[in-house]
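Everything on this sheet refers to the single structure shown next.
The values are calculated or read from the model by the stated rules, or taken from the named source; none is laboratory data. Nothing here was measured: the structure is a model prediction, and the numbers come from that model. Cβ sites come from the backbone with ideal geometry, for glycine too, and all protein chains shown count toward neighbours.
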């Protein structure tokens with residue numbers, strides 16, 4: 001469930017919002033930051049696939065030594081569809097791109113998607129003297145603790161905390177300096193207490209959010 005990253009290994013570290021197949025926008029954002037794959041790293045809040053033009057290309061990022069990601073709900077839907085054979089939920093949420101691939105490409109992509117089961121749900125990053133926690137939708141507890149058991153479904157699906165923020169009931173999560181989440185498409189990034197929501201709906205024509213944390 002957890003992965004820990006020592007930021008001292010990298011010059012600059014960025015956290016990117018939901019990609020959803022938007023590889024071109026991601027590459028453009030990296031170029032704008034003069035990203036160096038030999039010195040810099042990126043951590044994704046998940047949802048690499050579905051809806052956008054290049055889900056296979058975004059999946060291939062997982063093979064890059066500078067790219068890290070937590071598992072999103074779209075990876076969860078894909079894994080469940082491929083394991084159980086019922087693809088309706090995945091198809092309804094943008095997964096039909098898989099059916100349009102050639103048989104050979106489907107085999108390769110299926111292997112990559114099932115490999116997403118090995119992705120952590122939560123990344124703990126130590127960078128610039130801070131403890132930063134990255135998860136797809138939420139860290140469903142009032143206090144963060146390394147290796148603490150939490151509800152896996154809520155980590156990748158829950159919008160309850162964001163809804164509370166929207167109602168003016170913000171509260172910090174103890175145990176870390178900052179938390180970064182995706183999952184809910186927003187017009188602009190939103191910050192509440194020590195929590196940052198950075199899915200700005202690049203796949204819907206908005207700007208992709210790339211945040212430098214070191």
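Condition (residue is over 15 Å from the mean Cα position of the chain (by Cα), crowded, with 17+ Cβ neighbours inside 10 Å, touching a residue at least 40 places away in the same chain (Cβ under 8 Å) and not in a helix (DSSP H, G or I)) applied to the stretch 185-201: is it met by at least one residue? Looking through the stretch 185-201, none of the residues is over 15 Å from the mean Cα position of the chain (by Cα), crowded, with 17+ Cβ neighbours inside 10 Å, touching a residue at least 40 places away in the same chain (Cβ under 8 Å) and not in a helix (DSSP H, G or I). Per the conditions (1) without any contact (Cβ under 8 Å) to a residue 60 or more places away in the chain; (2) surrounded by fewer than 18 Cβ atoms within 10 Å (Cβ to Cβ); (3) assigned to a loop (DSSP other than H, G, I, E, B), the sole criterion not satisfied by residue 99 is (3). Within the stretch 29-43, can one find any residue that is in contact with a helix residue (DSSP H, G or I) (Cβ under 9 Å, 6 or more places away or on another chain), under 17 Å from residue 119 (Cβ atoms) and either free of Cβ contacts under 8 Å to residues at least 40 places away in the same chain or surrounded by 18 or more Cβ atoms within 10 Å (Cβ to Cβ) (or both)? Yes, there is a match, as at least one residue in the stretch 29-43 is in contact with a helix residue (DSSP H, G or I) (Cβ under 9 Å, 6 or more places away or on another chain), under 17 Å from residue 119 (Cβ atoms) and either free of Cβ contacts under 8 Å to residues at least 40 places away in the same chain or surrounded by 18 or more Cβ atoms within 10 Å (Cβ to Cβ) (or both).
Residues are listed down the side, and each one gets a yes or a no for (1) touching a strand residue (DSSP E or B) at 6+ places or on another chain (Cβ under 6 Å); (2) in a helix (DSSP H, G or I); (3) loosely packed, with under 13 Cβ neighbours inside 10 Å:
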| position | (1), (2), (3) |
| --- | --- |
| 65 | no, no, yes |
| 71 | no, no, no |
| 77 | no, yes, no |
| 81 | no, yes, no |
| 90 | no, yes, no |
| 107 | no, yes, yes |
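Among the residues in the stretch 112-130, are any more than 17 Å from the chain's Cα centre (by Cα), touching a residue at least 24 places away in the same chain (Cβ under 8 Å) and more than 17 Å from residue 3 (Cα to Cα)? Scanning the stretch 112-130 turns up at least one residue that is more than 17 Å from the chain's Cα centre (by Cα), touching a residue at least 24 places away in the same chain (Cβ under 8 Å) and more than 17 Å from residue 3 (Cα to Cα). In this structure, residue 61 does satisfy being in a helix (DSSP H, G or I), at pLDDT 95 or above, within 28 Å of residue 159 (Cα to Cα) and in contact with a strand residue (DSSP E or B) (Cβ under 6 Å, 6 or more places away or on another chain). Of 81, 172, all but one fail to be within 20 Å of residue 213 (Cβ to Cβ) and at pLDDT 95 or above; the exception is 172. As a summary of the residue check, residue 9 satisfies the conditions (1) surrounded by 22 or more Cβ atoms within 10 Å (Cβ to Cβ); (2) over 13 Å from the mean Cα position of the chain (by Cα) except for the one numbered (1). Among residues belonging to the stretch 138-171 that are in contact with a helix residue (DSSP H, G or I) (Cβ under 7 Å, 6 or more places away or on another chain) and part of a helix (DSSP H, G or I), point out the one that is surrounded by the fewest Cβ atoms within 10 Å (Cβ to Cβ). Selected residue: 157.
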